[in-house]
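Here is the structure we will look at, set down as structure tokens.
Bear in mind that the values in this text are calculations on the coordinates, not laboratory data. The structure presented is a predicted model; accordingly, all values stated were derived computationally and were not measured. A quick note on method: Cβ atoms are made from the backbone with ideal geometry, for glycine too, and the neighbour counts reach across all protein chains shown.
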Amino acid sequence: MEKIISNQVIAPDIHRIVITAPQIAKTWNPGQFLIIHFSENSERIPLTVCLCDRQKGEITLIVQAIGPGTKEICSARPGTEIRDVAGPLGKPTELHSDLKNVLFISGGIGIAPLLPVIDELHGRGVKITTLMGTRSRNTLILENEVLSKSDNVMVSTDDGTYGTHGLVISLVKEAVEKYGPFDRAFIAGPTRMMAASVSEVQKFTIPSTVSLNPIMIDGTGMCGGCRVTVGGKTKFACVDGPEFEGDLVDFDKLTKRLSTYKDPHTCRIDSNR
Ligand SMILES: Cc1cc2nc3c(=O)[nH]c(=O)nc-3n(C[C@H](O)[C@H](O)[C@H](O)COP(=O)(O)OP(=O)(O)OC[C@H]3O[C@@H](n4cnc5c(N)ncnc54)[C@H](O)[C@@H]3O)c2cc1C
Ligand code: FES
């Protein structure tokens with residue numbers, strides 16, 4: 001059975017949690033995620049694998065405590081056993097072999113799914129520029145890990161307490177001028193931030209990959225909870241994604257679907273797929 005090895009607070013309400021998961025660690029690839037069913041009565045919580053130590057069979061998760069499921073995981077002590085960990089789920093990141101100069105754009109804990117991709121491309125000798133946006137200096141996470149694997153890093157904070165004052169998309173133009181042209185942008189963060197970032201990189205004709213995080217229930221393509229419209233077709237983020245071509249994602253529909261679930265009492269398995 002998987003268990004918690006360590007649980008460290010790295011920012012307000014954000015924890016770095018290491019778990020044992022030897023089977024998953026063997027087969028996981030960047031871009032893939034897990035669904036944690038923490039205890040008998042818990043919700044199933046999709047979480048990205050941020051770091052993976054194949055030899056030790058350990059996985060690092062970055063978890064933001066925003067509701068009952070994530071709060072339960074974040075309050076677990078080292079040694080606590082986890083009822084069930086399903087994964088690796090979803091498709092690995094498509095790492096086009098012709099990538100030479102790549103832009104990464106993260107919002108908040110969106111840096112967690114991007115870090116393994118940064119790591120992989122850095123290992124292949126690809127030039128990496130990372131733009132990290134966050135609310136404030138104390139909510140910036142994984143800065144050292146990103147600095148060690150990126151050629152250039154630019155940070156923005158909403159309140160101006162660190163880096164450039166403003167939204168992360170305000171850094172794109174400067175990054176393109178200083179470090180471009182970029183072959184592709186990888187983007188992860190809140191849905192609105194991803195939509196805005198896709199539009200921004202389109203101005204510089206940079207194709208993009210976005211890591212979507214719709215509501216997921218089973219994670220196996222059966223419930224339809226995670227459906228998204230991509231290129232006019234219905235896709236299930238849990239099995240067809242969670243990464244998609246940014247230009248093709250219908251962000252308006254995704255935002256509407258996410259707002260439907262804001263009140264947990266309206267959340268139910270959707271049989272009308
Ligand atoms: C593929 C994938 C990977 C993810 N990786 C991570 C990760 O590495 N770290 C992390 O902290 N979180 C991650 N998430 C989001 C995480 O799964 C949700 O925050 C969690 O399920 C919320 O459950 P809860 O019981 O704590 O809160 P709930 O009570 O279920 O939700 C609290 C509030 O957050 C909203 N919400 C819930 N889930 C989502 C979502 N997926 N997107 C936007 N809003 C949501 C709800 O509408 C509600 O308003 C990921 C989601 C997906 C789909
Ligand atoms: S979570 Fe993707 S279909 Fe159910």
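Taking a cut-off of 20 Å between Cα atoms, list the lysines near K56, but don't count ones fewer than 8 places away on the same chain. Hits, sequence-local ones excluded: K3, K26. Evaluated on the stretch 20-64, the Kirkwood hydrodynamic radius is 11.0 Å, with distances taken between all distinct Cα atoms. Sorted fewest first by neighbouring Cβ atoms within 10 angstrom, E200, E174 come out as E174, E200. If you take the alpha carbon atoms of the stretch 133-187 and fit the smallest convex hull around them, that volume is 84 Å³ per residue. Among beta bridges identified by DSSP and lying wholly in the chain, the antiparallel ones come to about 60 percent.
The three principal axes of the Cα atoms in the stretch 4-89 give end-to-end lengths of 29, 27, 25 Å, sorted in falling order.
Most tightly packed first, judged by the mean number of other beta-carbon atoms within 10 Å of their residues, the peptides 235-246, 71-82 read 235-246, 71-82. Given springs between every Cα pair under 10 Å in a Gaussian network model of the chain, which of L121, L258, L89 has the largest fluctuation? Evaluated over the chain, the most mobile residue of the options is L258. Here the alpha carbons of the stretch 101-259 define both size measures, Rg and Dmax, at 15.4, 46 Å.
Given Cα positions, please report Rg to Rh for the chain, the hydrodynamic radius being the Kirkwood one. Result for the chain is an Rg/Rh of 0.94.
Partner lysines whose Cα lies under 22 Å from the Cα of K235, excluding those fewer than 8 positions away in the same chain, are identified as K91, K253, K256, K262. Approximating the spin labels as points 7 Å out from Cα along Cα→Cβ, the R44-to-I66 distance works out to 1.9 nm. The Cα atoms of the stretch 74-178 define a convex hull whose projected area, averaged across directions, is 8.7 nm². Straight-line reach from K127: taking Cα to Cα under 22 Å and skipping same-chain neighbours fewer than 8 places apart, the lysines in range are K100, K149, K173, K178, K203. Calculated FRET efficiency, K100 to V9, Cβ-Cβ distance, R0 = 41 Å: about 0.60 to the nearest 0.05. Using the charge dipole of the chain (Lys, Arg: +1 at Cβ; Asp, Glu: -1 at Cβ; taken about the Cα centre), state which of F236, L212, N101 has its Cα farthest towards the positive end. After comparing all options, I get F236.
Given +1 at the Cβ of Lys and Arg, -1 at the Cβ of Asp and Glu and no other charges, the dipole of the stretch 4-89 around its Cα centre is 200 debye to the nearest 20.
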